[in-house]
Amino acid sequence: MTAAHEPGTASPQLWVIDTSSLLAVREVYSAAHERKVLSAMSKYATRGKLLYPPEVCAELERGAESASNPDPPLVWVRNHRYCSERPADLATVRRVLDRVPDLLDPDNPNEQADPYVLAVSLDLHIGGFDVCVVTDDRRDRPTKISLATAVGMFRLATVPLHAFVRGERLHP
């Protein structure tokens, strides 16, 4: 994806979503509205405006309770891989972890999506896009910094799921 806009005009707005926000859809909007919110988000995904790295799908797959009946967020990311999945540049991931090594949870032995979400966001920003990270990971701990804090350290914008959905008028 390349920046296709004229100098001096507003850059295209892109959103990069984290696992925490996909999982928050049910918590914030209830099971009754979960599919409506995910459907509204699909409109952004199919237009290439809502992105995520493959590691988000991997986290959701690890957390899936049943392979035969996966949760709606996992179904959503699987259905939008063709238009929304963006791999992170590994050099950018290294840059992120060099600056914010405590973005990784030392108690989690699995590959974590946070550095990849931030790396995809940085690469898009460097490419000329106006990028905002959608994450509900906002709690810093002594051994792990939140994704929202790490994003801020790179001077990028971040919003929680509810602010994204409400601000973009995806659900009342």
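None of the figures in this text is laboratory data; all of them are computed from the coordinates on show. Keep in mind that what you see is a predicted model, and the values were worked out from it rather than measured. Cβ: placed from backbone, ideal geometry, glycine included. Neighbour counts: every protein chain shown.
General observations
- Within a straight-line Cα-Cα reach of under 15 Å, LYS144 can be paired with the following aspartates and glutamates, leaving aside sequence neighbours fewer than 8 residues apart in one chain: ASP98, ASP102, ASP105, ASP107, GLU111, ASP114, ASP136.
- Taking the fewest neighbouring Cβ atoms within 10 Å as the starting point, the ordered list for ASP18, ASP102 is ASP102, ASP18.
- Taking a straight line from the alpha carbon of LYS43, these aspartates and glutamates sit under 13 Å away, with near neighbours fewer than eight places off in the same chain left out: GLU168.
- The order of CYS83, CYS132, going from fewest to most other C-beta atoms within 10 Å of their C-beta, is CYS83, CYS132.
- Check: the chain dipole with +1 on Lys, Arg Cβ and -1 on Asp, Glu Cβ, in debye: 540 debye
- Relative contact order (%) - criterion: Cα under 8 Å, at least six apart; region: the chain: 29 percent
- Computed E for ASP130/ASN69 - FRET, C-beta separation, R0 30 angstrom, nearest 0.05: 0.20
- Modelled this way, with points 7 Å down the Cα-to-C-beta line, the labels at SER30 and ARG62 are 3.3 nm from one another.
- Close amide-amide hydrogen proximity is noted between VAL16 and LEU51, CYS132, VAL133, VAL134, each under 5 Å apart and 5 or more residues distant or on a separate chain (H modeled in the peptide plane; Pro and chain starts excluded).
- Leading residue at positive end of dipole, the chain (Cβ point charges), from THR143, ASN110, HIS125: HIS125
- Neighbour-count order for ILE17, ILE126, ILE145, fewest beta carbons within 10 angstrom listed first: ILE126, ILE145, ILE17
- For the range 30-46, 3J(HN,Hα) per residue [Karplus equation, 6.51 cos²θ - 1.76 cosθ + 1.60, θ = phi - 60°, Hz, x = Gly/Pro]: 6, 4, 5, 10, 4, 5, 5, 5, 5, 5, 5, 5, 4, 4, 6, 4, 5
- Calculated FRET efficiency for the pair ASP89/PHE154, C-beta based, R₀ 22 Å, to 0.05: 0.95
- Per-selection Rg to Rh, the range 13-167 - Cα, Kirkwood hydrodynamic radius: 0.94
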